[in-house]
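Asks: Here's a structure for you.
The values are calculated or read from the model by the stated rules, or taken from the named source; none is laboratory data. Everything numeric here is computed off the predicted structure, so don't read it as measured data. Cβ: placed from backbone, ideal geometry, glycine included. Neighbour counts: every protein chain shown. For accessibility, only protein heavy atoms count, side chains too; no ligands or nucleic acids. Shrake-Rupley method; radii C 1.70, N 1.55, O 1.52, S 1.80 Å.
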Amino acid sequence: MNSAISRRVFLIGSAAGALNFRSRSASSASAPAFELVAREVDRSLVADPAVRSPTWLYNGSLPGPLLRAVKGQVVTVRFKNELSQPTSIHWHGIRLDNAMDGVPGLTQDPVQPGSSFEYRFQVPDAGTFWYHAHEQSWEQVARGLYGALIVDEEQVVLPPEQDISLVVDDWRLNSEGVLDTRSFGALSDWSHGGRMGNWLTVNGEPEKVFELQRGKWYRLRLINTCNARILALDPTRFRAQIIAYDGQTLAEPAEAPYAPLLLGPAQRMDLLFQAQDEFELEELSGPQPFPFVRFHVGGEANVATRRPEFVPADLPDPVLDDALQVRLEMAGGAMGKQVEMRYNGEVLEGEEVIEARQFWSFNGVANLAEAPLFTAQRGRSISLTIVNETAFPHAMHLHGHHFRVLSRSEASVDDGKPWRDTFLIGPSQTTHIAFVADNPGRWLLHCHMLEHAAAGMNTWFEVTA
Ligand code: C2O
Ligand code: CU
């Protein structure tokens, strides 16, 4: 190459550097590789370290190690299962190669005790994601098998100390402060609202405190890893704006359209704020506000910093005129509409429902049927209408794709229709979502209230190449 040209390129590069557009390398040379080992660890979930609970963790840490990559990189995770039951890892929200999606029976065989599996996939979107066990997840996730997966922008937007991930989980503790393992699989949880905890941790700690610098901008990445609890949060209390949902950056930072905002199981919400005064984040779904994380603010007030800017998500928009129309009716559960329910090809009657532990159905079928909900040619737009005929809210998750929520119970959604991978649907609500089925393979569509998924709320669809 002509040296005058390369010198010019160099100068342009360094000028940009001076403007603080530091670039990260997404080359394969720096491709991140991680090792995860799932195993049983006794760990405290309360302030007293001597009060230990039988948790199951990745690399002995709660949450599992924070995995970071840069948009476009190929991530390798060598996984070993040292649990006494089979497992797998799902990379929630990553639009990845189907073979790496971590769904036993659909995309891979479960990883048996003592066995290993290597996951390798590209991360196409910058944002907040997470990983978790996807076998017996109502127990494995509830015991701690999850962690954050952060995909950074190609250009550094905020330094790591201004980028805070909050992995929020609720736990059901007994009166001694120990994880209540006896109630795993309780039929009342499976047929009602799922397993709710009575204790909240952030990044594995009951009373997490962060020290912030006054005047600096912070990105808070909230991840709800609860089995079934919908967290209610009010970001207006510390003047935060929303910059992303479910790992996809909004076109513009947005004010909360109402308060409190709901963050369903598996959902993420990224907030941006400038640190001013000390505050607490409170969980507002219970009868009393429950403060669960505190932010101290120190330093002088005159730190003049520009508000950081984020590159909006860039996903193909569905074409509604040409879309495949699909309808999904959710039924069953306590107090809900009961329909004739098929499970493994048989109609379940009376006591069989309880024996099979199947309480919920999608279009009259409990759990994975042999036939997919729909099959679409790659690139086809899908218009999916979901009708909730149960008496409970649900957090519906679509694997391998993001979608827009177009309307809820006939009302159009006036929030810019952000991309999501998980949406909340209330009792008796009808929700209309749409997306482009552009990722070939077999993908799950299920409720992320993990007891509901185990008790029937699971289906799948196929995108053909
Ligand atoms: Cu985060 Cu199929 O799940
Ligand atoms: Cu549900």
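Asks: With every protein chain in place, what's the accessible area of T385 (1.4 Å probe, Å², nearest 10)?
Replies: Accessible area of T385: about 30 Å².
Asks: In whole percent, how big is the carbon plus sulfur part of the accessible area of segment 240-314, probe 1.4 Å, protein atoms only?
Replies: Looking at segment 240-314 in its full context, I get 49 percent from C and S.
Asks: Count the net charge of all other residues whose Cβ sits under 15 Å from the Cβ of R172, scoring Lys and Arg as +1 and Asp and Glu as -1.
Replies: Net charge in that neighbourhood comes out at -3.
Asks: Indicate the gyration tensor shape class of segment 181-338 (rounded, prolate or oblate), computed on the Cα atoms with a ≥ b ≥ c the square roots of the eigenvalues: a/c under 1.5 is rounded; otherwise a/b larger than b/c is prolate and the rest oblate.
Replies: It is oblate, given that a/c is not under 1.5 and a/b is not larger than b/c.
Asks: Using only helices, what value at 222 nm comes out for the chain when you add -39,500 (n - 2.57) per DSSP H run of length 4 or more and divide by the total residues, to the nearest 500 deg cm²/dmol?
Replies: -2000 deg cm²/dmol
Asks: While we're on this one: With a 1.4 Å probe and every protein chain left in place, work out the accessible area per residue of the chain in Å², rounded to a whole number. Numbers along the way, then the final one.
Replies: Details: 19760 Å² over 465 residues.
I get 43 Å² per residue for this part.
Asks: What relative contact order, as a whole-number percentage, does segment 320-464 give when Cα pairs under 8 Å and 6 or more residues apart are counted? Mind dumping the intermediate values first?
Replies: Working: 349 pairs, mean separation 44.6, N = 145.
That works out to 31 percent.
Asks: Given a 1.4 Å probe and every protein chain left where it sits, what share in percent of the accessible area of segment 15-156 is carbon and sulfur?
Replies: On the way: 2690 of 5400 Å².
Of all accessible area on segment 15-156, carbon and sulfur atoms account for 50 percent.
Asks: For A371 paired with D314, estimate the spin-label separation in nm (one decimal), with each label point 7 Å from Cα along the Cα-to-Cβ line.
Replies: Inter-label distance under the simple model: 4.0 nm.
Asks: To the nearest 10 degrees, how steeply does helix 3-18 sit against the main Cα axis of the chain, on a 0 to 90 scale?
Replies: So the inclination is approximately 70 degrees.
Asks: Using a 7 Å offset from the Cα along the Cα-to-Cβ direction at both L187 and E346, what is the distance between the two label points in nm, to one decimal?
Replies: Roughly 1.7 nm, to one decimal.
Asks: How far apart, in nanometres, would the label points at R52 and V156 be if each is projected 7 angstrom from Cα along the Cα-to-Cβ direction?
Replies: 4.0
Asks: For Cα pairs less than 8 Å apart in space and 6+ apart in sequence, what is the mean separation divided by the residue count of the chain, i.e. the relative contact order in percent?
Replies: Reported relative contact order: 14 percent.
Asks: Determine the percent antiparallel among the DSSP beta bridges restricted to the chain, to the nearest 5.
Replies: Taking every DSSP beta bridge within the chain, about 70 percent pair in antiparallel fashion.
Asks: Working out 0.36 nm times the residue gap between R237 and E355, then minus their Cα-Cα distance, what length gain in nm do you get to one decimal?
Replies: Result for the pair: 37.7 nm of gain on full extension.
Asks: From the protein chains alone at 1.4 Å, what is the descending order of accessible area for S44, S116, S175, largest first?
Replies: Highest to lowest solvent-accessible surface, that is S175, S116, S44.
Asks: How much of the accessible area of segment 384-436, probe 1.4 Å, is carbon plus sulfur, in whole percent?
Replies: That share works out to 48 percent.
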